[in-house]
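Heads up: the structure comes next, in C-alpha cells.
The values are calculated or read from the model by the stated rules, or taken from the named source; none is laboratory data. Since the structure is predicted, the reported quantities are computational estimates derived from the model, not experimental observations. When we count neighbours, we look across all protein chains shown, and the Cβ atoms used for this are built from the backbone with ideal geometry, even at glycine. To get the accessible areas, we keep the full protein, side chains included, count just its heavy atoms, and leave off ligands, DNA and RNA. Shrake-Rupley method; radii C 1.70, N 1.55, O 1.52, S 1.80 Å.
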Amino acid sequence: MKIINIVGARPNFMKMAPIIEAMNKYPEQIEHLLVHTGQHYDEKMSKSFFDDLGMPKPDINLEVGSGSHAEQTAKIMVEFEKVCLQEKPDLVIVVGDVNSTMACTITAKKLGIKVAHVEAGLRSRDMSMPEEINRLCTDVLCDYLFTTDHFADENLAAEGVSKEKIFFVGNVMIDTLLKHKQMAAKSAFGEKLGLQPGRYATLTMHRPGNVDNKDVFEGILEALHEISQEVPIVFPIHPRTRKMADQFGLSHYFKSGDEIKGIWITEPLGYLEFLNLNMNAKLVLTDSGGLQEETTVLGVPCVTMRPNTERPITCEVGSNIMVGNDKNKILQEAFKILSGEAPKGRSPEKWDGKSAERIVDVLLNLF
Ligand code: UD1
C-alpha cells in the first residue's frame, strides 16, 4: 500500500510523527512519503519540530508559504495535484484542521484517491473559524475518519456519516506528548529561564477572533497584565500576533526590563522547550486547540480564551475552562486557579500513547 502523509503547519507535526513511526514497523506492507505543503516555513514554526520529534525530512516540500486563505489553499491544490499524479498513492492521510488539511483532501478526492482524516469529527459550530470550515469540508469528503473521543463520533453520526467509516482510536498528539514527557522534563528549560515550577503561567494566542480587533486584543492584554503581576506569563509569540501587536501599538504590554513580573515575550519555542514550560506551569492561558488537550493530560489548569471549543471532552473530563475574551471573566477564572481552586481532570479514554498504532492496524486491515 502506498500512502502520502501530509503536514503543513505547526500543529500537524506532532500529530504525524507517531503515525510515521508506527508505519515504519511495516516496511513490507506500507510504502509512505511525507509531503510538507510549506504553509509554515519559518525555522521556529517548522524545522525545529522535525528535529525535536525525530521526524524524517519531508520527501517533497510544496513551498507554498503564506497568503490569503484562497491563495494558500489554491496554491497547495495546484502543487499537490502534480504530486498525486506522479506518485499515484492508494491513500492520502491528513491530520488536524489547517488549510493544508482541507486543500490536500479536496485535491486527492477529485483524483479518485482515498483519503483518511486523523482528528475527524471535531466541531466548534463556529463558522467564523477558518478551522471549522476546513474540518467540515475535510470530513464530508474523507473515506476513513479517525476520531479522538465520543463527541466526535456523535458529531459524525449526526451528520449522517456511516459507522463503517468511523474509527475511534484516541489522540495521536497525546502519543507524542507521552513519548517526550521525560525528555522535556530533563531539558529543564523553565529553570534555565529563571522560572520556578508552579510559579508562572504560559500563554499562546493567535486566533483572528482575539488579535485582529484592537479593542478585543487590548482587553485581553489588560487582563493578562494584571495576572502577570501575580505570576510571570511566558508568551512564545506567534508571528501574526506580533504583527498585530505592532500594528495596533500594543507592544508596551510586553515586559522589557529585568523584573520577573510581566508578560515575557519569546520567539515561538521548540516542542520540548514548550512542553517543559507547560508541564510545570501553574496555569496555561490559550486560544489554541491542541493545548487544551495537552493540559488535560498533564493535569495543568487551562483557561481557554475562546467562546467555544471543538474539544468539549477537555472540559468534560479534563482541566479546561472556557472564558471567551471578556477581560473580567479571564481575570476571575485565572485568579481562582492562582488561589488554589484548580479544576482536576483525568485523561480521556484511549489517550494512552497507542493511537497511531491503532490507526496503522486499521489501515493494514483495510488495504
Ligand atoms: C495556522 C492554522 C491554525 C493553527 C496555526 C498554528 C489555518 C487556517 N490556520 O494558523 O489553525 O492553530 O496555524 O500556528 O490553517 N507566518 C510566519 N511564518 C510562518 C508561518 C506564518 O511568519 O512560518 C505568518 C505570516 O505572516 C502569515 C501568518 O503568520 O501570513 C499566518 O499564517 P497561516 O499559515 O496563514 O495561519 P496561522 O495563523 O499560522
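Multiply the residue separation of LYS192 and LYS2 by 0.36 nm, subtract the distance between their alpha-carbon atoms, and state the gained length in nm to one decimal.
Numbers: separation 190, 0.36 × 190 = 68.40 nm, distance 4.45 nm.
Extra length available between LYS192 and LYS2 comes to 64.0 nm.
For HIS150, project a label point 7 Å along Cα to C-beta. Then give me every residue of the stretch 311-337 with its amide nitrogen under 15 Å of that point.
312-318
Any idea how far the Cα center of the stretch 282-315 sits from the one of the stretch 111-148, in Å?
Result: 21 Å between the Cα centres.
With angles folded into 0 to 90 degrees, how steeply does helix 10-23 sit against the dominant principal axis of the chain? Use alpha carbons for both and round to 10.
Between the helix axis and the principal axis of the chain, the angle is about 40 degrees.
Between GLU226 and GLU267, how many nm apart are label points set 7 Å from Cα along the C-beta direction?
With each label placed 7 Å out from Cα toward Cβ, I get 3.5 nm.
Do you know the relative contact order of the stretch 245-312, to the nearest whole percent, from alpha carbon pairs under 8 angstrom that are 6+ apart? Walk me through the intermediate numbers first.
Details: 53 pairs, mean separation 14.6, N = 68.
RCO, the stretch 245-312: 22 percent.
Taking 8 Å as the Cα distance limit and 6 or more residues as the minimum spacing, I'd like the relative contact order of the chain as a percentage. Before the final figure, lay out each step's value.
On the way: 706 pairs, mean separation 58.9, N = 367.
Normalised by residue count, the contact order of the chain is 16 percent.
Sum up the charges of everything whose Cβ sits under 15 Å from the Cβ of LYS110, counting Lys and Arg as +1 and Asp and Glu as -1, but leave LYS110 out. It would help to have the intermediate numbers written out before the result.
Values: positive: LYS82, LYS88, LYS109, LYS114; negative: GLU79, GLU81, ASP143.
It works out to a net charge of +1.
Return the carbon/sulfur percentage of the accessible area of the chain, one whole number, probe 1.4 Å, all protein chains in place.
Ligands and nucleic acids excluded, carbon and sulfur reach 50 percent.
Distance in nm between label sites at LYS25 and VAL140, each 7 Å beyond Cα in the beta-carbon direction?
Label at LYS25, label at VAL140, 3.7 nm between them.
Over the stretch 46-203, what relative contact order in percent results from Cα pairs under 8 Å that are six or more residues apart?
On the way: 173 pairs, mean separation 23.2, N = 158.
Once normalised by length, the contact order is 15 percent.
Just from its helices, what would the mean residue ellipticity at 222 nm be for the chain, if runs of 4 or more DSSP H residues each count -39500 (n - 2.57) and the sum is divided by every residue, rounded to the nearest 500 deg cm²/dmol?
Working: 16 runs with 167 residues, N = 367.
Computed ellipticity for the chain at 222 nm equals -13500 deg cm²/dmol.
Can you report the principal axis dimensions of the stretch 40-90 using only the alpha carbons, biggest first, rounded to whole angstrom?
31, 30, 13
Of the listed pairs LYS2/LYS110; LYS192/LYS255; LYS179/LYS350; LYS186/LYS282, which have alpha-carbon separations greater than 24 Å here?
Violating the 24 Å Cα-Cα cut-off are zero pairs.
How much accessible area per residue does the stretch 238-314 have, in Å², with a 1.4 Å probe? Spell out each step's value before the answer.
Numbers: 2680 Å² over 77 residues.
For the stretch 238-314, the solvent-accessible area averages 35 Å² per residue.
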